[in-house]
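Below is one structure, written out as structure tokens, with a few remarks after it.
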Amino acid sequence: MIRNPFITSGYVSADYFCDRRFESEQLVREVMNGNNLALVSTRRMGKTGLIRHCFQFPEIKQGYYTFFIDIYDSRSLRDLVFALSKEILEVLKPMGKKALHGFWECVKSLQASISFDVNGMPSLNLGLGDIQAPATTLDEIFRYLEQADKPCLIAIDEFQQITGYAEKNVEGTFQVVRQLLENVESIGDFSGSKLYRHLQFKKNARWNADELREKLLEGFRDETEFSYMKGYEPWEKLIFDR
């Protein structure tokens, strides 16, 4: 049997990435200009591969910390925070004690999961059970991302999953939405999202960050889906006083 010489799934390296030169350059340019982006298309069109490819550009690889998480299997805020925490730790570990120590100092709720030997080499022992207060840990993570020694880029694949989280955690919902709206450069994949009914992606050929933020706010103002947030003053100011 002849082995298929072509890569049909996943991202291997720039050597095996074909075409998409214009899209890649545009994505890198927008990110380096500090813009928030959402990649939108039908499934299996290569959004994930495009993001991973752009993360390999020298100007991105050398100038930024890049984190990529797939939250398709996540069912709660704890799952999301665990995936993000684990990805950050795995990315920072090869970069040495200094890089990891900066994260360790900011994310106090996870300090017990990170230790250093006599030579300063880090040891990671993070499990889902270590995420005792997801909203608190998420806030600490974004605080780290804001003050890290390099700018941070986060790509969240299957972002629409947050709309189906089982818990109706008022503080957790507030923290997630606030951070997503205000803090870091995020590349979100909204393919197949319940937010389609709010964002009307098919009617928009081009997005900018302000337009996307406004459309997201429209979705978060849905009184049926977010009825449990009614009366929570920080939420009212975040979503309605804009």
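The values are calculated or read from the model by the stated rules, or taken from the named source; none is laboratory data. Note that the structure is a prediction, hence the values are computed from the model and not measured. Glycine also receives a Cβ, built like all others from the backbone with ideal geometry; neighbour counts cover every protein chain displayed.
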query = Any idea which of (1) assigned to a loop (DSSP other than H, G, I, E, B); (2) at pLDDT 80 or above is the one Thr224 doesn't satisfy?
reply = (2)
Residue count, the stretch 149-163 (criterion: in contact (Cβ under 8 Å) with a residue 60 or more places away in the chain and surrounded by 18 or more Cβ atoms within 10 Å (Cβ to Cβ)) = 10
request  = Quick one: in the stretch 50-97, of everything that is aromatic (Phe, Trp, Tyr) and more than 21 Å from Leu138 (Cβ to Cβ), which residue is surrounded by the fewest Cβ atoms within 10 Å (Cβ to Cβ)?
outcome  = Phe57
inquiry  = Against the definition (touching a residue at least 60 places away in the same chain (Cβ under 8 Å), over 19 Å from Gly129 (Cα atoms) and touching a Pro at 6+ places or on another chain (Cβ under 9 Å)), how does Tyr72 come out, yes or no?
reply    = no
remark   = Apart from one, (1) in contact with a Leu (Cβ under 9 Å, 6 or more places away or on another chain); (2) more than 30 Å from Arg29 (Cβ to Cβ); (3) buried (at least 17 other Cβ atoms within 10 Å of the Cβ); (4) not aliphatic (A, V, I, L, M) all hold for Phe116; the odd one out is (3)
key: Residue, farthest from Gly129 (Cα to Cα), within the stretch 76-104, restricted to residues that are of a type in the set (D, E, K, R) and either at pLDDT 85 or above or under 20 Å from the mean Cα position of the chain (by Cα) (or both)   = Lys93
